[in-house]
Amino acid sequence: DAKTTQPTSMDCAEGRAANLPCNHSTISGNEYVYWYRQIHSQGPQYIIHGLKNNETNEMASLIITEDRKSSTLILPHATLRDTAVYYCIVTHGQNFVFGPGTRLSVLP
Amino acid sequence: EPEVTQTPSHQVTQMGQEVILRCVPISNHLYFYWYRQILGQKVEFLVSFYNNEISEKSEIFDDQFSVERPDGSNFTLKIRSTKLEDSAMYFCASIGGFRFLTQYFGPGTRLLVL
């Protein structure tokens, strides 16, 4: 079973920030937090990952709490093309265990 | 940017037939994976492969499934005798380079067993 819990679905207005939460209270010290998304039935797309520091790249920002038991993926200016299922995964290098993810709908 | 590619994009087969799904991982990657996703369900791990042998496999990956890297570039998944419940999207992924834990996924093969 996945070691993460995420809301089933969220809506966001186009142009606004989308904040997607993830709980991973049993994360181990050597496990990373990864975020992927899946648009329709395409292959999962890598977004960002982190260990304990906050991270930012051209797609998103990742905020990890100090105790590492939860994180938030931030899409700063959501567009309609960001509508997808977003997966939060914790891993130390073994196969990924996907949960059901959060279905984000960006609304015009 | 290098990508994982998969062929075919769609495959329709009769129950009991053998199918081979092909993947070309990113060229300098060393770890390879197959996942599947039944319509409307979660992405599920099938098998991981490193140094020409299986590293780990799930309970889904039974004797009907096999993997190989026949020529140093392709990575294949064979299903010997397909069942209706094998109908799914099959995704290949690979790891390597400086992002040593990041899996890069291919676009998938949609398999339909009739």
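The values are calculated or read from the model by the stated rules, or taken from the named source; none is laboratory data. Note that the coordinates shown come from a computational prediction; the quantities given were computed from them, not determined experimentally. FYI the Cβ positions are ideal-geometry reconstructions off the backbone, even for glycines, and counts take in every protein chain you see.
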statement: Taking region A:9-35 and keeping only residues that are more than 12 Å from A:Leu104 (Cβ to Cβ), free of Cβ contacts under 8 Å to residues at least 60 places away in the same chain and either in a strand (DSSP E or B) or within 14 Å of the chain's Cα centre (by Cα) (or both), one is left with A:Asn23, A:Val33
query: What's the number of the condition B:Tyr35 fails, among (1) away from chain A (no Cβ under 11 Å); (2) under 22 Å from A:Ile39 (Cβ atoms)?
result: (1)
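I'd like the full set of residues that are part of a strand (DSSP E or B) and within 14 Å of another protein chain (Cβ to nearest Cβ), limited to region B:70-95. So that I can check it myself, show each step before the final result.
So in region B:70-95, the residues part of a strand (DSSP E or B) come out as B:75-79, B:88-95.
Listed by number, the residues that qualify are B:Ala88, B:Met89, B:Tyr90, B:Phe91, B:Cys92, B:Ala93, B:Ser94, B:Ile95.
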- request: For region B:53-69, enumerate the residues that are in contact with a strand residue (DSSP E or B) (Cβ under 8 Å, 6 or more places away or on another chain) and either within 13 Å of chain A (Cβ to nearest Cβ) or in a loop (DSSP other than H, G, I, E, B) (or both).
  value: B:Ile54, B:Ser55, B:Glu56, B:Lys57, B:Ser58, B:Ile60, B:Phe61, B:Gln64, B:Arg69
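Evaluate region B:17-26: report whether one residue or more is out of contact with any Ser or Thr (no Cβ under 6 Å at 6 or more places or on another chain), part of a loop (DSSP other than H, G, I, E, B) and modelled with pLDDT of 95 or more. Explain how you work it out, then say what you get.
So in region B:17-26, the residues out of contact with any Ser or Thr (no Cβ under 6 Å at 6 or more places or on another chain) come out as B:18, B:23.
Subsequent filtering for residues that are part of a loop (DSSP other than H, G, I, E, B) retains B:18.
Pick out the ones that are also modelled with pLDDT of 95 or more and you get B:18.
Yes, region B:17-26 has at least one match.
Could you check region A:88-100 and list, in sequence order, the residues that are at the interface with another protein chain (Cβ under 8 Å from one of its Cβ atoms) and either touching a strand residue (DSSP E or B) at 6+ places or on another chain (Cβ under 6 Å) or surrounded by 14 or more Cβ atoms within 10 Å (Cβ to Cβ) (or both)? It would help to see each step written out before you state the result.
From region A:88-100, those at the interface with another protein chain (Cβ under 8 Å from one of its Cβ atoms) are A:91-100; that's our starting set.
Answer for region A:88-100, where residues must be at the interface with another protein chain (Cβ under 8 Å from one of its Cβ atoms) and either touching a strand residue (DSSP E or B) at 6+ places or on another chain (Cβ under 6 Å) or surrounded by 14 or more Cβ atoms within 10 Å (Cβ to Cβ) (or both): A:Thr91, A:Gly93, A:Asn95, A:Phe96, A:Val97, A:Phe98, A:Gly99, A:Pro100.
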Residues within region A:68-84 that are more than 14 Å from A:Asn54 (Cα to Cα), without any contact (Cβ under 8 Å) to a residue 60 or more places away in the chain and of a type in the set (D, E, K, R), tallied: 1
query: Which residues, counting only those in region B:23-34, are in contact (Cβ under 8 Å) with a residue 60 or more places away in the chain and of a type in the set (Phe, Trp, Tyr)?
result: B:Tyr31, B:Phe32, B:Tyr33
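Here is a yes/no grid of residues against (1) small (Gly, Ala, Ser); (2) closer than 20 Å to A:Thr4 by Cβ; (3) in contact with a Gly (Cβ under 8 Å, 6 or more places away or on another chain):
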| site | (1), (2), (3) |
| --- | --- |
| A:Glu55 | no, yes, no |
| A:Met59 | no, yes, no |
| A:Tyr86 | no, yes, yes |
| A:Gly93 | yes, yes, no |
| A:Arg103 | no, yes, no |
- line: Apart from one, (1) surrounded by 17 or more Cβ atoms within 10 Å (Cβ to Cβ); (2) more than 16 Å from B:Gln103 (Cβ to Cβ) all hold for A:Arg16; the odd one out is (1)
query: Cβ-Cβ below 9 Å, separation at least six or inter-chain, first residue in region A:37-60 and within 12 Å of chain B (Cβ to nearest Cβ) and closer than 22 Å to A:Val106 by Cβ, second acidic (Asp, Glu) and surrounded by fewer than 19 Cβ atoms within 10 Å (Cβ to Cβ): which pairs?
result: A:Ile48/A:Glu55
